1. Just read off the accessible area of D161 with the full protein assembly in place, 1.4 Å probe, to the nearest 10 Å².
2. Please list D77, D239 from largest to smallest accessible area, probe radius 1.4 Å, with all protein chains kept in place.
3. May I ask you to list the residues of the stretch 153-184 whose amide nitrogen lies under 11 Å from a point 7 Å from Cα along the Cα→beta-carbon direction of L68?
4. With label points built 7 Å along Cα→Cβ from the Cα atoms of S87 and E164, find their separation and express it in nm.
5. Highest mean first, what order results for 85-92, 186-193 on Cβ atoms within 10 Å?
6. So, how do all the Cα-to-Cα distances of the stretch 136-223 break down into 5 Å bins, in percent, from 0 on up?
7. Can you give me the long-range amide H partners of E112? Hydrogens built in the peptide plane at 1.01 Å from N, cutoff under 5 Å, separation of 5 or more residues or another chain.
8. Which order do I174, I208 take when ranked by solvent-accessible area (1.4 Å probe, heavy atoms of all protein chains), largest first?
Amino acid sequence: SVKSMGISGAFDWRAEAASALEWWRDAGVDMLVDEDPRDWTAREAAPAVASNTPQPVALAEPEPDVPLPATLEAFIDWRFGNGAPESGWVEPIVAPTGNPAAPLMVITDFPESDGETPSLLSGPAGRLFDRMLAAIGLDRDAIYFAPLCAARPITGSVPRDAEERLGELLRHHIALAAPKRLLLLGQTVSRAVIGSDGGLQRGRLQAINQENGQSLMVATFHPRFLLTRPAAKADAWKDLQLLLEEQAE
């Protein structure tokens, strides 16, 4: 017998196996994984998470060696038609308004979407802009009003990687319109026209030379900015007075 061999007890492998399985179960191991070796310390790649944030859409690439239209009418038909560089964006294309032959051309960054139909400066910012024009004796019919972006960017701001191309098109637009005076609304528009990476270049008249003559330009705060910073309206009024001074000459 086992006892006669000097061993105090028999080894019950079934009990030992059950005990081991119970320990693994308590440790959370309750299933077989696989028979192949596995690196348990390796990190798994995080699963891709769908984002609800809209992604900007790039401008349509310009056709190589194709010059921009040489007349204002032809340029407007192309720039704000079905073939516009922003035609791949989800928002409608909005054309300039007012009189292309007006002595004052005003540039905003992109159309507003406060109403059912996108337009240039609507809602509270549009009403403030109308009051700014009235302060210098003008209304929208007496100016030529154009956007830097022909459609509202889905991100709510002009994509920086599109500014160079948009600025090129805007400067061509200004040259064809050849206004006597030019009012730039906001830092984005100022940067696109002047080409400065600094702050808003406001507070002075600046001359722009082009083939059809010279335009005197003033940059000022965008009406959307003035709604959030009412104290800046005093400086904006000084900018508008620069236009009045030039108009009186």
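The values are calculated or read from the model by the stated rules, or taken from the named source; none is laboratory data. If you're wondering where the values come from, they're calculated on a predicted model, not measured in any experiment. Here the Cβ positions follow ideal geometry from the backbone for every residue, glycine too, while neighbour counts run over all protein chains shown. For accessibility, only protein heavy atoms count, side chains too; no ligands or nucleic acids. Shrake-Rupley method; radii C 1.70, N 1.55, O 1.52, S 1.80 Å.
1. 140 Å²
2. Per-residue accessible area, sorted high to low, gives D77, D239.
3. 165-177
4. 2.4 nm
5. The most tightly packed comes first, giving 186-193, 85-92.
6. 3, 13, 23, 27, 21, 10, 3, 0
7. S119, L120, L121, S122
8. Final ranking, largest accessible area leading: I208, I174.
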